[in-house]
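All remarks here apply to the structure that follows.
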Amino acid sequence: MRGDGPLPTSPYPVRVDACAALADSIERLAARGYANRRFLKELGRSAGVGRGPRWLFDAASGGTNRLRGRGFRRHVDDRTDGQARHFAGTVAVAARVGGPLTRWLTTVVLRDPPSTPDGRLSDEAIEFARLVRSGELAQADAAGWVRDRLCHAA
């Protein structure tokens, strides 16, 4: 029977659609029924930004790239495997210190001006956090927001 043999191997690493995986993790978080601020902080945990007082050190170190891969739209794609981490980590920071300070940190400290893919992704993360915190974006709709605005295969 054809197709029963071993899968072909490739010299190239398997690429994961990290944007879709990010949206899926947001969907699972929304099902837990957290308060909006906690929801945003928990999203940050997917980027390796812990809870409690050490969150600041985790965020400053860049977190942990748990969702490696690509899948982001061109305007927010810096051609690395870390965009999901970048988005989730920025959301976690914005949930704690607000949008204006987070924007300053990403521009000045991370050196991601608004004209770059990382700068635009930071802006999207800050807007996402603002919308969720204010209740303008329901948690149940948050994964769809990410898929529609950020994911390439949306």
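Some notes on this structure:
- Residues whose amide H falls under 5 Å from that of residue 16, counting only those 5 or more places apart or on a different chain, are 70, with hydrogens built in the peptide plane.
- Long-range HN-HN contacts of residue 151 with modeled amide H, under 5 Å: 73
- For the stretch 75-145, the set of trypsin sites (Lys or Arg not before Pro) satisfying both a DSSP loop assignment and a count of at most 16 other C-beta atoms within 10 Å is given as 79, 111.
Each value in this text was obtained by applying a stated rule to the coordinates, not by laboratory testing. This one's a predicted model, so the numbers in the text were calculated from it and none came from an experiment. Note that each Cβ is placed from the backbone with ideal geometry, even for glycine, and that neighbours are counted across all protein chains shown.
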